[in-house]
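What follows is a single structure, written as structure tokens, with notes after it.
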Amino acid sequence: MRCKALLRHAFFWSLGLFVGLSPIAFAEAVSPQEQIQIYASRATSSLMLLRGEGFQKTHQQRLEADLAALAGAMQSLPQASAELTSAHQALVTQLRNGVSYGPGDENVPWRFPEDLSRALRDFLSAARALPGAEGQSELAAKIEYLSVQYLSRSYLGTFEIAREQPDTYLGQDERLLLPAIDSELQAIEDPSDPQITKLQTRWSYLRAALADMNSQSNTLQSVSGRPFAPITVDRHARSMTAQWMAMF
């Protein structure tokens with residue numbers, strides 16, 4: 001009887017501890033596989049900003065920093081694959097090509113936006129295929145991927161998603177990704193946690209812009225008719241994913 005009483009006490013103590021934990025404690029840490037996805041999308045966004053905003057030095061420096069972060073994350077992977085290494089090289093080549101064409105569109109091959117989006121999709125797909133990547137939330141990767149789509153519509157034209165992968169975030173746009181991200185954030189909602197409150201506030205601003213993207217249209221016009229705001233979207237997306245990654 002004494003043994004049963006002790007076990008019952010231990011059970012309720014453990015249950016109380018479990019319930020008392022912040023919801024963020026149960027959110028899944030950002031894996032190395034997701035980190036390289038985040039850095040790859042960030043580097044792609046930086047190139048789009050560089051070209052779209054007239055080759056400003058600050059955007060050039062940020063692109064170099066993103067490429068260095070991606071290279072460092074690649075080196076820290078527990079294990080890579082030949083496909084991922086090749087996809088990384090192909091993506092870096094396209095990003096470097098985007099810089100080499102210089103300002104303006106006169107020297108940019110008409111297929112460059114298509115080649116760039118394919119290189120990013122191939123890299124992200126190879127990263128997701130690594131062992132241990134299954135079951136990850138990929139919330140930060142989804143946000144950065146949506147940011148790439150938004151910046152592409154703002155500066156280059158329609159971004160070609162991986163339509164052959166409709167069940168992964170690579171084959172989805174804001175119509176599916178926004179509700180998916182909403183669900184993940186609602187699962188960790190906690191008004192008493194200032195970190196989560198700040199995260200939710202950032203998402204409310206970012207979500208409104210992303211929902212205006214109008215991916216189903218080929219007119220490259222927002223749903224509201226207002227001009228696109230790529231710099232604002234990029235800033236909010238990067239701030240939010242940086243906070244998410246720092247919370248673990």
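The values are calculated or read from the model by the stated rules, or taken from the named source; none is laboratory data. These figures come from a predicted structure and were not determined experimentally. Ideal geometry is used to build each Cβ from the backbone, glycine not excepted, and the neighbour counts take in all protein chains shown. Side chains included, ligands, DNA and RNA excluded: accessible areas come from the protein's heavy atoms. Shrake-Rupley method; radii C 1.70, N 1.55, O 1.52, S 1.80 Å.
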Checklist outcome for this item: If one compares the long axis through the Cα atoms of helix 174-187 with the longest principal axis of the Cα atoms of the chain, the angle in degrees, nearest 10, works out at 30
Checklist entry - Anyone know which of 39, 155, 145 comes out most mobile in the 10 Å Cα GNM of the chain? => result 155
Item to check | the chain, Cα convex hull volume normalised per residue, Å³ | outcome: 148
Checklist outcome for this item: 1/(1 + (r/R0)^6) with r = Cβ-Cβ of residue 29 and residue 165, R0 = 25 Å, i.e. FRET efficiency to nearest 0.05, evaluates to 0.55
Next on the checklist: Using the Cα centre of segment 28-247 as the reference point, and only Cβ charges (+1 on K/R, -1 on D/E), how large is the resulting charge dipole? Debye, rounded to the nearest 20.
Outcome noted: 600
Item to check | Where Rh is the Kirkwood radius over Cα pairs, Rg/Rh for segment 113-248 | outcome: 0.96
Checklist entry - So, in nm, how far is label residue 76 from label residue 211 when the simple model puts each one 7 Å beyond its Cα toward the Cβ? => result 3.5
Checklist entry - Applying the Karplus parametrisation 6.51 cos²θ - 1.76 cosθ + 1.60 with θ = phi - 60° to the phi angles of segment 42-48, what ³J(HN,Hα) value in whole Hz is obtained for each residue in order, glycine and proline being reported as x? => result 4, 4, 5, 4, 5, 5, 4
Checklist entry - Which shape class, rounded, prolate or oblate, goes with segment 57-111 when its Cα gyration tensor gives a ≥ b ≥ c as root eigenvalues, a/c under 1.5 marks rounded, and past that a/b bigger than b/c marks prolate? => result oblate
Next on the checklist: Before I look further, what does segment 28-247 give for accessible area per residue, probe 1.4 Å, in whole square angstrom?
Outcome noted: 45
Checklist entry - Efficiency by 1/(1 + (r/R0)^6): what FRET value for residue 226 and residue 68, r their Cβ-Cβ distance, R0 = 35 Å, to the nearest 0.05? => result 0.50
Checklist entry - Taking only Cα atoms, what is the 0 to 90° angle, nearest 10, from helix 2-20's long axis to the longest principal axis of the chain? => result 30
Checklist outcome for this item: Largest fluctuation, 97, 107, 214 only, Gaussian network model of the chain with Cα springs under 10 angstrom, belongs to 107
Checklist entry - When the chain is modelled as a GNM with alpha-carbon springs shorter than 10 Å, which of 226, 202, 51 fluctuates the most? => result 226
Checklist entry - If you roll a 1.4 Å probe over the chain with all protein chains in place, what percent of the accessible area is carbon or sulfur? => result 55
Checklist entry - Once label points are set 7 Å from the Cα along Cα→Cβ at both residue 158 and residue 180, what is their separation, rounded to one decimal in nm? => result 2.0
